[in-house]
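**Student:** Next up is a structure, given as structure tokens.
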Amino acid sequence: MGIDNDTTERRPNPWAPVQYVTNAQTPRAPRGTQPPEAGNIILTQVNKVLDWSRRSSLWPVSFGLACCAIEMMSASASRWDISRFGAEVFRASPRQADLMIVAGRLSVKMAPVLRHIYDQMPDPKWVIAMGACASCGGVFNNYAIVQGVDKVVPVDIFVPGCPPTPDMLIYGLNQLQEKIARRMPSPPDPLAVTGQTYLGSEG
Amino acid sequence: MQLDEPQAPQQVLQVEESEQLDERTRRDTMTINMGPQHPSTHGVLRLILTLDGETIIKALPDIGYLHTGIEKTGEGKSYFQTLVLTDRMDYLAPLCNNLAYSLAVEKLLGVEVPPRAQYARVVLAELQRIASHLVWLGSSAIDLGAQSVFLYCFREREIILDIFELCSGVRMMTSYIMPGGLQADLPASFDKRVRDFLALFPSRLREYHTLLTNNRLWVDRTKGIGKISAADAIAYGCSGAVLRASGVAYDVRKAFPYGGYERFDFDIPVGSNGDVYDRYLVRMLEMDQSLRIIRQALDGMPEGRWQVDDNKIVPPHKYEISSNMEALIHHFKLYTEGYRPPAGEVYVRTESPKGELGVYLASDGGPKPYRFHVRAPSFAHVQALPLMIEGALIADVVAAIGSIDIVLGEVDR
Amino acid sequence: MAEQSNAAQPQPTAWPPQPLALATVTFLQERFADAVLEVVEHRGETTITIAPERIADICAALRDEPSLRYNFLADITAVDWLEREPRYDVVYHLLSLETRAVVRLKLRIGDEDTPDPEAPSVTAVWPAAAFYEREIYDLFGIRFAGHPNLTRIMLPPDWVGHPLRKDYPQTGIVLPSPHWGGQIPFDQPLPTGTGKQTLRTPEGREESPPTREPGVPHAPGSGQ
């Protein structure tokens, strides 16, 4: 991946980022490149159907943390109606979900739980970081808040706003559907990159 | 409770030695972990429940999963900047938080806002109370299986949020009420929009009553469940609808009128049993009373200033900044340093939709609050939760949590 | 936007002291003459500073006095005056639901020799105090003697330090990796290396010496 994480030889940089994978480094499939299965015509068509069905029925695990969760509830209610895009089935169990909308600020105490829930979700799975706090810590740059959930789980879509309005969340969902349709891979797992593990994380 | 619910990492917790349990009960108890990620805990509350069969013999609330450090962050910002943090504590009622904080800062500064600001604040706070109760009603009803109520409640809440968006440009986190008055004058169509809502909402409220109040399923799930006596509720610091449902007529708006509430005529609904059903009825009747207050405040809304006439506290107008040197200096001073209230400490109590919301501010004479502390009503209610659910069935836990209307952003701060 | 009129501003409110708060002062000065250290009026709020060791008795007396009846504990919090000796204020906001009396009690504790001071717990008077005292213990490090279960409430049980102290940095803390976030069973020892925080300084990442025994958490319920 071209990410130099080996700082043992040199003098440690005090300002080295805690997060080693930036969004700019997120590997993306260039436009026009074919997915790996491109050689097999039948499988390509099957994959297209699979992707279509995956992006049309994204089932989110209900991971409401704070303020943004209320806007997420609004998005699933009658006025905004996220079910137009097939994502209204909020599952209480991560085993039945393939999308995690992290709605709200993530505290240090909650971070292992988030990771645990993420690990329980079956592949393929995607993550939307909803709101400023989930994306970067927001106004809470302090001891208690993880400065962005991308330090804990790989995030596909960041939705800005404090809190984002439901239409912004729906736009983020549409972007994720576009991403799935184009077979863009998710960013690398931050824990795999930094070599960290959380209690209960599988592998 | 579904078996496939997500389990947070398990934690071994034995029944304590002091428990008076016979040998058979001790052998048969089971400890389960409810939360912090659970659809019915209204956030990230975690309960460690010790069960005997389906009966809860011990409940241990574990909070802090949303600890945000708001108090510490507020101590590092000016009084003006700390306002935006208060929105994010009780995120179902941001304007009520703004009001409590603004009143505390104004008391520290020793100023009082003009009447128009007071009336507007009352209207906004009562609209926010209705919006908060709608979220409570919808989410606690969906926990007990009434999904349609959730959809109806959020439909009406959108009308209120549209009014807030009209005033401030934001749906939820408005920071519209600020120390010294309002951020801007009420928009021209505010009166009409609120009156439209006043005309619409009573019929919608009747609709909810039709759906739930005499519904056999609802009554069976709520009546006699999650009881707390008045003495216990007082001893455990409960306030708001939880305390009033137990029969104590304590409403801060009546007992310690603040921000102009003494001008308005309204009643305090009081329950008698202290169970889930009474708390439900108290909140439903409170919405009626809020409509009464809003109507009176709109009728009596005076013209005039909406901010104090002191540019050391409120920023000067944009057109003044470009023409007046003094206004430019005030603007610069306010946004870089802020104002310096005299040293001292104040505690302001207000009636938020959840209960008594207190703001304690200690000033050392500097531009930042030396200590900013919030007395959150939900914090006390979480503490009283074991009293309500110990001895009850596990299915009633969800009803009890829904009825005390906790917001974890406020509990953990 | 309507033009703001230049109507006369309402006069700043005078803040009259509450009569029942003054009665409380009189009551305490009669019953606990040696314990009342200072009485302050500010913005109509009465603050009574009392001797720390008498707080439980005073609270019980205030609750049971028929003319006052402080039956509702609104809040307990603390203030860290870093430069002052004694360092901490513990602030109690009392309220009577029957007589509508309000008063603020205050303790001053902590000095150079006792960085983690101790105050008597008032959980026996009002059960509501349990969570508030746990919160103060967690965020300020003030212990409360006689508290049934004095454990961390907001932060993970293996956290080191007390964030609301003024000498605790608001930000710039690198949590050890991995930070377990409190998901360690209460009865298991902590892995080595957990709970250490490093501070970012211009010179480099410098580990702060642990200010106390690296958090061996209390088992819940065994605090007595």
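Taken together, the values in this text are just the output of simple stated rules run on the coordinates, not laboratory data. This one's a predicted model, so the numbers in the text were calculated from it and none came from an experiment. A quick note on method: Cβ atoms are made from the backbone with ideal geometry, for glycine too, and the neighbour counts reach across all protein chains shown.
**Student:** Could you please rank A:Phe85, A:Phe158, placing first whichever residue has the fewest other Cβ atoms within 10 Å of its Cβ?
**Tutor:** Lowest to highest Cβ neighbour count: A:Phe85, A:Phe158.
**Student:** Report the Cα centroid-to-centroid distance between segment B:185-247 and segment A:89-158 in angstrom, as an integer.
**Tutor:** So the two Cα centres are separated by 33 Å.
**Student:** Ok, one more. Calculate one ³J(HN,Hα) per residue across segment B:255-264 by plugging θ = phi - 60° into the Karplus curve 6.51 cos²θ - 1.76 cosθ + 1.60, and present them in order as whole Hz with x for glycine and proline.
**Tutor:** Computed from phi, the couplings for segment B:255-264 are 6, 10, x, 9, x, x, 5, 5, 7, 10 Hz.
**Student:** Per the Kirkwood treatment, what hydrodynamic radius in Å, one decimal, follows for segment B:230-285 from the mean inverse distance over all distinct Cα pairs?
**Tutor:** Here the Kirkwood hydrodynamic radius works out to 11.5 Å.
**Student:** Membrane-span-like helices in chain B: DSSP H runs reaching 30 Å or more (Cα, own axis), mean Kyte hydropathy at least 0.0?
**Tutor:** Span-like helices here: B:115-143, B:147-168.
**Student:** Å³ per residue of the Cα convex hull, for chain B?
**Tutor:** Normalising the Cα hull of chain B by residue number yields 148 Å³.
**Student:** Counting other C-beta atoms within 10 Å, which of B:His133, B:His67 has the fewest, and how do the rest follow?
**Tutor:** With the fewest neighbours first, B:His133, B:His67 line up as B:His133, B:His67.
**Student:** Can you compute the radius of gyration and Dmax for segment B:205-333, using only the Cα atoms, both in Å?
**Tutor:** 22.3, 69
**Student:** Right, something else. If you plug each phi of segment A:153-163 into the Karplus form 6.51 cos²θ - 1.76 cosθ + 1.60 with θ = phi - 60°, what whole-Hz ³J(HN,Hα) values come out, in order, with x for Gly and Pro?
**Tutor:** Those phi angles translate into 10, x, 9, 8, 10, 9, 10, x, x, 9, x Hz.
**Student:** Under the rule of at least 5 residues apart or a separate chain, name every residue whose amide H is placed under 5 Å from the amide H of A:Met100.
**Tutor:** A:Val61, A:Trp126, A:Val127, A:Ile128
**Student:** So, one more: Tell me, rounded to the nearest percent, the portion of alpha carbon pairs in segment C:97-139 spaced more than 12 Å apart.
**Tutor:** Tail of the P(r) past 12 Å holds 73 percent of the pairs.
**Student:** A further question follows. B:Lys318: which aspartates and glutamates have alpha carbons under 20 Å from its alpha carbon, excluding same-chain residues fewer than 8 sequence positions away?
**Tutor:** B:Asp185, B:Asp309, B:Asp310, B:Glu326, B:Glu337, C:Glu3
**Student:** Could you give the Stokes-Einstein D for segment B:133-252 in µm² per second, using the C-alpha Kirkwood radius, 37 °C, 0.692 mPa s?
**Tutor:** 192 µm²/s
**Student:** Over its Cα atoms, what ratio of radius of gyration to 2.2 N^0.38 Å does segment A:75-203 give?
**Tutor:** Output field value: 1.03.
**Student:** Let me ask another. Among A:His116, B:His42, which comes first, then next, by fewest other beta-carbon atoms within 10 Å?
**Tutor:** Ascending Cβ contact count within 10 Å gives the list A:His116, B:His42.
**Student:** Taking the Cα centre of segment C:9-151 as the origin, how large is its charge dipole in debye, to the nearest 20, when only Lys and Arg (+1) and Asp and Glu (-1) carry charge on their Cβ atoms?
**Tutor:** 580 debye
**Student:** Once R0 is set to 22 Å, what does the formula 1/(1 + (r/R0)^6) return for the Cβ-Cβ distance between A:Asp123 and A:Val46, expressed as a FRET efficiency to the nearest 0.05?
**Tutor:** Taking R0 as 22 Å, the efficiency between A:Asp123 and A:Val46 is 0.80.
**Student:** Here's a follow-up. From the alpha carbon gyration tensor of segment B:349-388, can you work out the equivalent ellipsoid semi-axes (sqrt of 5 times each eigenvalue) and give them in Å, largest to smallest?
**Tutor:** Semi-axes from the Cα gyration tensor: 28, 11, 5 Å.
**Student:** Divide, for segment A:48-141, the radius of gyration over alpha carbons by 2.2 N^0.38 Å, where N is the residue count.
**Tutor:** This ratio for segment A:48-141 stands at 1.09.
**Student:** How big is the charge dipole of segment B:172-223 about its Cα centre, in debye rounded to the nearest 20, if each Lys and Arg gets +1 on its Cβ and each Asp and Glu gets -1 on its Cβ?
**Tutor:** 320 debye
**Student:** Hey, another quick one. Straight-line reach from B:Lys58: which lysines fall under 21 Å, measuring Cα to Cα and dropping same-chain residues less than 8 apart?
**Tutor:** Counting by Cα, and skipping residues close in sequence, B:Lys58 has these lysines nearby: B:Lys227.
**Student:** Same structure, new question: I need the calculated FRET efficiency for the pair B:Leu217 and A:Ser78, taking r as the beta carbon distance and R₀ as 30 Å, to the nearest 0.05.
**Tutor:** E(calc), rounded to 0.05, equals 0.85.
**Student:** Can you give the mean number of other chain Cβ atoms that lie within 10 Å of the Cβ atoms in peptide A:73-83?
**Tutor:** 4
**Student:** Hey, got the average number of other protein chain Cβ atoms within 10 angstrom for residues in C:124-132?
**Tutor:** Mean partner shielding for this stretch: 5.
**Student:** Something else now. Based on the Cβ-Cβ distance of C:Asp111 and B:Ala231, what FRET efficiency does E = 1/(1 + (r/R0)^6) give at R0 = 35 Å, to the nearest 0.05?
**Tutor:** 0.35
**Student:** Ok, one more. For segment B:51-80, run through the GluC sites (Glu not before Pro) and keep only the ones in DSSP coil with at most 14 other Cβ atoms within 10 Å of their Cβ.
**Tutor:** Passing sites in segment B:51-80 are B:Glu54.
**Student:** Over 5 Å intervals from 0, what percent of Cα-Cα pairs in segment B:371-410 sits in each interval?
**Tutor:** That works out to 5, 23, 29, 19, 12, 5, 4, 2, 1, in percent per bin.
**Student:** Here is a further query. Taking a 30 Å limit on the Cα-Cα distance, which of the listed pairs B:Lys72/B:Lys254; B:Lys354/C:Lys106; B:Lys107/C:Lys166; A:Lys109/C:Lys166; A:Lys109/B:Lys312 fall beyond it?
**Tutor:** Check vs 30 Å cut-off fails for B:Lys72/B:Lys254; A:Lys109/B:Lys312.
**Student:** Mind ordering B:355-364, C:155-164, B:280-289 by average Cβ neighbours within 10 Å, highest first?
**Tutor:** Averaged packing, sorted descending, gives the order B:355-364, C:155-164, B:280-289.
**Student:** Using a basic spin-label model with each label point 7 Å from the Cα along Cα→Cβ, how many nm lie between B:Ile329 and C:Lys166?
**Tutor:** If labels sit at B:Ile329 and C:Lys166, their model points lie 3.1 nm apart.
**Student:** Work out the length of the dipole vector of chain B about its Cα centre, built from +1 on the beta-carbon of each Lys and Arg and -1 on the beta-carbon of each Asp and Glu, and round it to the nearest 20 debye.
**Tutor:** Taking the Cα centre of chain B as origin, the dipole is about 800 debye.
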